[in-house]
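Structure first, then comments.
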Amino acid sequence: MALERTPPELSADIMDKGIIIAGGGSMLKNLDKRLREETGLPVTLAEDPLACVALGTGQMLTDFNLLRKISIECSQLAARSSARSCELPLRAASSLA
C-alpha cells in the first residue's frame, strides 16, 4: 500500500482529511465510491474537478514563495521515499484554497 511508504506527517493528513479527487478522470462514474471502499478513507470529488487543477496551478505560480516551499518539500519527500516524482503535499495544497 502506498500510504505505508508515505511520510508520517503526510499520511496523518490523508487519514484525517481523506482524499480529494480532481480532474476529468475523477468524474468517472462511482470512482469515489470505489476508492472509498478500497482504501477505507473518506473520498470527496473536488467542487469543480475540471477547473481546479488549472486554477490551483495558476494560484501557485503567482506565489513564488509558495512554489519554492513546495519544490523544497517535494525534493525532501522524493529523497526520503526514493520516489521519481512527487505529489503536491496536502498541507501546501490546503493553503491554496
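Computed extension length for residue 79-residue 39: 11.9 nm, one decimal, from 0.36 nm per residue of separation with the Cα-Cα distance subtracted. In summary, the aspartates and glutamates within cross-link reach of residue 17, defined as a Cα separation below 18 angstrom excluding same-chain residues under 8 places away, comprise 4, 9, 32, 37, 38, 47, 87. Sparse packing (at most 13 other Cβ atoms within 10 Å of the Cβ) combined with a DSSP loop state is found for the following GluC sites (Glu not before Pro) in the stretch 2-81: 47. Each principal axis of the Cα atoms in the stretch 1-80 has its own extent, and those three values, largest first, are 37, 30, 18 angstrom. Taking amide H as placed 1.01 Å from N in the peptide plane, residue 6 has no amide H partner under 5 Å among residues 5 or more places away or on another chain.
Qualifying trypsin sites (Lys or Arg not before Pro) in the stretch 1-83, where qualification requires a DSSP coil assignment and no more than 10 other C-beta atoms within 10 Å, comprise 29. Once both labels are positioned 7 Å from their Cα atoms along Cα-to-Cβ, the gap between residue 12 and residue 31 label points is 3.0 nm.
Listed by chain and number, the lysines whose C-alpha is less than 19 Å from the C-alpha of residue 69, apart from same-chain residues fewer than 8 away, amount to an empty set.
None of the figures in this text is laboratory data; all of them are computed from the coordinates on show. All values reported here derive from a predicted model rather than from experimental measurement. Note that we place each Cβ from the backbone using ideal geometry, even for glycine, and neighbour counts take in every protein chain shown.
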